[in-house]
Amino acid sequence: MEKRHDMKKKLILISIPVFLSGFAAFAQTDIAATPPMGWMTWNMFGGDINGFLLREMADAMVASGMADAEYEYIIIDDLWQGERDSSGVLQPDPAKFPRGMKSLADYVHERGLKLGIYSDAAVHTCAGATGSYGYEEVDARTWAVWGIDYVKYDYCGAPAAADLAFIRYKRMSDALKATGRPILFAVCEWGVRKPWLWAADAGGHIWRMSWDIRDTWDHGRFDAGHAGIVNILDRMPGLEACAGPGRWNDPDMLVAGLQGRGQSSNANGAAGCSVTEYEAQMSLWCLLSAPLIASCDLRNMDADTKRILTNPEAIAIDQDPLGRQAARVYQADGIEVWKKALIDDETAIGVLNRADTAREVTLSWRDLALSGIQKIRDVWLHRRLGITDSVYTLTVQPHQVRLLVLEPDPE
Ligand code: GLA
């Protein structure tokens, strides 16, 4: 794990002189070389946000240990906006952000964190606030001046066709690049137009491939108001070829810690998950090289929520520098096996039990296309389980993911 963190640091160090050297000279893959990690307002707070809350969340990101675990973006979602002034510059809602956005960005940066913001490729956002259509260059410049590091760009009210979506996203991405500030660009059109095929070319570093996640394990269906953890998971197989450093499929936020209290995430009967299910989502999202964007109230996380969100061994799988999204390599009778190649010939394996009874599962190296002796480490138990060159049997509880790292033994 140390190794992977060292590599990430190295990538960051290499990137600094590149983007300091001149206007927009940074390579786009330096942004999101590994999946971004942070926290976003929407699931928990919806539109009930303000500068004071955001400052508290930045403080909590540091005090809770989340920042040490490498979470860095504090992302303001919809409903921060006020009106455009006479020069067309969009102002924050003065009642919510009386000190403005620049001072908030400074506050966040002083704590070693980064600030994200939200807009939409149409006249209005999903929640009806002012969008950026027709003002892309003005808004990008405004955000760069404020010190924004991440832009989530939604698609409510915009035209249906994929080629028009491409144009609208590229226009904002070009405007962001033209500011010369490295800004992560998060495409959010919910997977409707197969963004995994075009969003990277439109300048996106990550793209949502699903509807908004709700705080539930299985919502029974998958549509704009219903998407539980496994409903989103089922959209991932096949998308692994489209992910890699600088370009990630985004299955939406981590729901650990919401416990049914979120404003948006509790829609349509989503009433929360068990601790096992929250842990399973973390395991799966790490296997999927997903952006790790927490969404619960960071100021009062319980011990399980902290344990789940900050597990360094799970995070190392997500942040592995190869950036290989896991593939589902086995699926039968409620059991799934997900496999992700890691650096140094290591392999992450997730065994998911979707059934309602505990199951014994025997992993076979031959079936997993692995060879030789492998040391088996359990990422949640933080210990070596065994060492073998053939098969390994483990028990998986209902809705649990057993998350393993296999390390070849040269002996
Ligand atoms: C859409 C997005 C959500 C959130 C809301 C805000 O639904 O998918 O993630 O940003 O808009 O209105």
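A few remarks follow.
- Counting only residues that are under 27 Å from ASP163 (Cβ atoms) and part of a strand (DSSP E or B), the stretch 94-147 holds 6 of them.
- Yes/no for VAL391 being over 27 Å from ASP218 (Cβ atoms) and of a type in the set (Val, Ile, Thr): yes
- Number of residues in the stretch 319-353 that are out of contact with any strand residue (DSSP E or B) (no Cβ under 6 Å at 6 or more places or on another chain) and buried (at least 21 other Cβ atoms within 10 Å of the Cβ): the value is 3.
- Matching residues in the stretch 311-335 - criterion: being under 14 Å from the mean Cα position of the chain (by Cα) and of a type in the set (Val, Ile, Thr): ILE315, ILE317
- The sole residue among TYR135, TYR155, TYR118, TYR169 that is out of contact with any His (no Cβ under 6 Å at 6 or more places or on another chain) and more than 22 Å from ALA32 (Cα to Cα) is TYR135.
- The number of residues in the stretch 149-165 that are buried (at least 19 other Cβ atoms within 10 Å of the Cβ) and away from the ligand (no atom under 16 Å from the Cβ) comes to 1.
- Selection from the stretch 116-147 of residues that are within 16 Å of the ligand (Cβ to nearest atom), among the hydrophobic types (A, V, I, L, M, F, W, C) and open to solvent by less than 10 Å² (accessible area, probe 1.4 Å): ILE117, ALA121, ALA122
- Applying a threshold of 7 Å to beta carbon distances and a minimum spacing of six or more residues, or different chains, the list of pairs starting in the stretch 163-183 at a residue that is over 21 Å from LYS194 (Cα atoms) and ending at one that is among the acidic types (Asp, Glu) and not in a helix (DSSP H, G or I) reads ILE183/ASP149.
- Single residue of LEU394, LEU352, LEU406, LEU381 found to be under 21 Å from VAL275 (Cα atoms), within 26 Å of the chain's Cα centre (by Cα) and not in a loop (DSSP other than H, G, I, E, B): LEU352
- Each residue in the stretch 184-207 was checked for being open to solvent by 10 Å² or more (accessible area, probe 1.4 Å) and within 16 Å of the ligand (Cβ to nearest atom), and 4 pass.
- Every pair of residues 6+ apart whose Cβ atoms lie under 8 Å, when the first sits in the stretch 250-274 and is within 28 Å of ALA200 (Cβ to Cβ) while the second is within 13 Å of the ligand (Cβ to nearest atom) and hydroxyl-bearing (Ser, Thr, Tyr): PRO251/SER210; ASP252/SER210; MET253/SER265; MET253/SER295; LEU254/SER295; VAL255/SER265; VAL255/SER295; SER265/SER295
Matching residues to (1) over 16 Å from the mean Cα position of the chain (by Cα); (2) assigned by TED's automatic domain parsing to the domain that holds TRP211; (3) open to solvent by 30 Å² or more (accessible area, probe 1.4 Å):
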| residue | (1), (2), (3) |
| --- | --- |
| GLY244 | no, yes, no |
| GLN259 | yes, yes, yes |
| CYS286 | no, yes, no |
| SER295 | no, yes, no |
| MET301 | yes, yes, no |
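- Selected residue (criterion: nearest to CYS126 (Cα to Cα)) from residues of the stretch 51-87 that are within 16 Å of the ligand (Cβ to nearest atom) and of a type in the set (Asp, Glu): ASP78
- Set LEU258, LEU254, LEU239: member being out of contact with any strand residue (DSSP E or B) (no Cβ under 8 Å at 6 or more places or on another chain) and either modelled with pLDDT of 95 or more or within 16 Å of the ligand (Cβ to nearest atom) (or both): LEU258
- Residues that are under 25 Å from TRP285 (Cβ atoms) and either assigned to a strand (DSSP E or B) or open to solvent by 50 Å² or more (accessible area, probe 1.4 Å) (or both), drawn from the stretch 364-378: ASP367, ALA369, GLN374, LYS375, ILE376, ARG377, ASP378
The values are calculated or read from the model by the stated rules, or taken from the named source; none is laboratory data. None of the values given here were measured: they were computed from a predicted structure. Heads up, the Cβs are rebuilt from the backbone with ideal geometry, glycines too, and the neighbour counts pull from every protein chain shown. Surface accessibility is based on the protein's heavy atoms, side chains included, excluding ligands, DNA and RNA. Shrake-Rupley method; radii C 1.70, N 1.55, O 1.52, S 1.80 Å.
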